[in-house]
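This report concerns only the one structure given below.
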Amino acid sequence: MDVKSAFLNGYLNEEVYVEQPKGFADPNLPDHKGGIDKTLFVKNTDGRIMIAQIYVDDIVFGGMSDTMVKHFVGQMQTEFEMSMVGELTYFLGLQIKQMEDSTFMSQSKYAKNIVKKFGMDNASHKRTPAPTHQKLSKDEGGISIDQSLYRSMIGSLLYLTASRPDITFVVGVCARYQVDPKASHLN
């Protein structure tokens, strides 16, 4: 769902929180409020689960019961001006493919965008995420590189580790050198 009344270009000088929606209130934390930018609500009724994720002006939701889902949609549309976008296929860099008996998620499009963004689309591909014969160090005598470029690369790769555990270690090692990155770290 897309919230039509969101102020996407507005500036907020204060933090904004949302209350737990009716029916989603956690009995252990009845007064809990979530930040408007990233809020997850889960409702479990008689073993049937309903999940709603709010991110700025988008709501991703799903449930095990069509009745619960339709009730949620009806409630949200009576409270807010919203439109149904359709089946979830892409959200926050994740590609989602829903099949009858399973759901497949990947970040291949996100990964391709990272490679293109940093001008590495013509670089040769490697079987391992880093050379096995080379150890990274501070490299105090090395050539300094642009910190913001390096940090942007590391941040993008850290987000990619959600679906690529094979690169988690090497990205973590490279992340250690964000204060004063050198050409050896970039390589």
| message | Assuming 0.36 nm per residue, please report the length gained on full extension of the stretch Lys112 to Leu186 beyond their Cα-Cα distance. | response | 24.8 nm
| How much of the accessible area of the stretch 75-178, in percent, comes from carbon and sulfur atoms when a 1.4 Å probe is used? | 55
| message | Sorted from largest to smallest, which semi-axis lengths in Å does the alpha carbon gyration tensor of the stretch 76-130 give for its equivalent ellipsoid, taking the root of 5 times each eigenvalue? | response | 34, 16, 8
| said: If I ignore ligands, DNA and RNA and count only protein heavy atoms, how much of Ile114 is accessible to a 1.4 Å probe, in Å² to the nearest 10? | reply: 20
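The values are calculated or read from the model by the stated rules, or taken from the named source; none is laboratory data. The shown structure was predicted, so the numbers you read here are calculated from the model rather than taken from an experiment. Note: areas computed on protein heavy atoms with side chains; ligands, DNA, RNA excluded. Shrake-Rupley method; radii C 1.70, N 1.55, O 1.52, S 1.80 Å.
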